[in-house]
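The values are calculated or read from the model by the stated rules, or taken from the named source; none is laboratory data. Just so you know, these numbers come straight off a predicted model, no measurement behind them. Cβ placement follows ideal geometry from the backbone for every residue including glycine, while neighbour counts extend to all protein chains displayed.
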Amino acid sequence: MVADKHDLLSLCRISSAFRSQAERLIYRSVDLREPDGDSMWRLKLWAEAASKHAYLAEYVHSLILQLPISFEPSIASKLTRALAQSVHLKELRILGPRESSRYNFFQGSIINKCSFRLTKFENRYFDDKLILEFWRNQTEILLLNTDRDICALDPESDLLPNLIAVKTNNVKDLPAGRALQRVEISTMAHISPLKQYEASLTTLNLRQKHWQYQWLRQPQELVLDALVRAVADIVPNLLHLGILDEQKHLHDFHRSSISSSSLQRLNKLESFILQMPDVRHFTVLGVNQIPHFMGESGGLFSAGRDMMAACPTLRRVALATNAVQVHGAVLTRSQAEGVIHEEPKTWLQVEALSMFSA
């Protein structure tokens, strides 16, 4: 099967016999992000085509929009019509200009009248209160990704009745009174509010910069272990855990460790993603007292095997570091034979590995 979009476009030009099926595949997943963050040519081309030819809009299942601060009226009109005709759309990401991504913008009318029913929605553009009509129409959203307060998640609200997964910056922005199954937050501090989801939460990703670990008041080498113990105390029934240090400017490398007793407190854990770019030596205490050198694949694999030995329920461990060069490793244990398969990575594709968006 031909899957590359360039090849599909070539087929469209070669023969009209291929055109219908090729267009169906090309338009199923549409990404209109601009490399330079300013140009709107992709958005203009798609809005023109999808507004003019309704059948093209009807093919779209997944759409990523990067919208400017303001629109020319003609572009706004075409985009509104194109979205209204995207009746089978299920996954929508709306991003703002990169340099102003935390501002609120106003063109709520672009999506308020749409009839599609999303299952996944990311909003990093609209002022929440200007898309109330949109929220009322969206009864099938399962996963919500946002960097701002959402009135649809107020405790008194009956909106988004099927919501099970939320990705947001701060734990205080998570909705109360919901049986959330998956949570991703951009903090590792003060995670105690997650306790309200103890009975339902299966997947947790914690993303943060290294310097913000200071709240744990632990020596650097013990920070990870303290964090895992804190998670186990709050949501002990987790199946999938990700701890993702996203710092990009490394100054010092250090040691880190995790104890087998801390891992075993998560006695249902099946997968663990650990991204720690500034860790050079890593130890799984209680399994092997010798630190593993994380600057090579062998050290990553050894550390992963020790983690699996410490936690028998683990089926997959993914590790990444920048100790010498950017690289990672994924270890998968077969359920039947217990054989561990090791796969080196240049870097972890966290979104693909995480169960948050599954």
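Data table
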quantity	calculated
Filter result (surrounded by fewer than 19 Cβ atoms within 10 Å (Cβ to Cβ), among the hydroxyl-bearing types (S, T, Y) and at pLDDT 85 or above) within segment 80-125	S109, S115, T119
T168 within 19 Å of the chain's Cα centre (by Cα), crowded, with 21+ Cβ neighbours inside 10 Å and not basic (K, R)	yes
Residue in segment 1-36 that is modelled with the lowest pLDDT, counting only those that are surrounded by 14 or more Cβ atoms within 10 Å (Cβ to Cβ) and part of a loop (DSSP other than H, G, I, E, B)	E34
Hits in segment 185-206 (condition: of a type in the set (S, T, Y), at pLDDT 95 or above and either part of a loop (DSSP other than H, G, I, E, B) or within 15 Å of the chain's Cα centre (by Cα) (or both))	S200, T202, T203
Residues located in segment 126-184, provided they are under 20 Å from I243 (Cβ atoms), among the aliphatic types (A, V, I, L, M) and at pLDDT 95 or above	A165, V166, L180, V183
Hits in segment 152-165 - residues which are exposed (fewer than 14 other Cβ atoms within 10 Å of the Cβ) and under 17 Å from L118 (Cβ atoms)	P161, N162
Residue match in segment 79-92 (condition: farther than 24 Å from I141 by Cα and assigned to a helix (DSSP H, G or I))	no
Check on S77, among the hydroxyl-bearing types (S, T, Y), closer than 19 Å to F126 by Cα and surrounded by 14 or more Cβ atoms within 10 Å (Cβ to Cβ)	yes
Considering residues of segment 112-128 that are aromatic (F, W, Y) and in a loop (DSSP other than H, G, I, E, B) only, the residue farthest from I150 (Cα to Cα)	F116
Subset tally (residues that are part of a loop (DSSP other than H, G, I, E, B), among the aliphatic types (A, V, I, L, M) and in contact (Cβ under 8 Å) with a residue 40 or more places away in the chain) for segment 253-302	3
Residue in segment 268-285 that is more than 24 Å from K345 (Cβ to Cβ) and in the same structural domain as L331 (by TED's automatic domain parsing) present	yes
Qualifying residues in segment 305-351 (those that are under 21 Å from the mean Cα position of the chain (by Cα), among the charged types (D, E, K, R) and not in a strand (DSSP E or B)) - the one surrounded by the most Cβ atoms within 10 Å (Cβ to Cβ)	R315
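Yes/no per residue for (1) modelled with pLDDT of 85 or more; (2) assigned by TED's automatic domain parsing to the domain that holds T321; (3) closer than 24 Å to F293 by Cα; (4) not β-branched (V, I, T):
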site	(1), (2), (3), (4)
Q214	no, yes, no, yes
A226	yes, yes, yes, yes
V231	yes, yes, no, no
N237	yes, yes, no, yes
I243	yes, yes, yes, no
S257	yes, yes, yes, yes
Q264	yes, yes, yes, yes
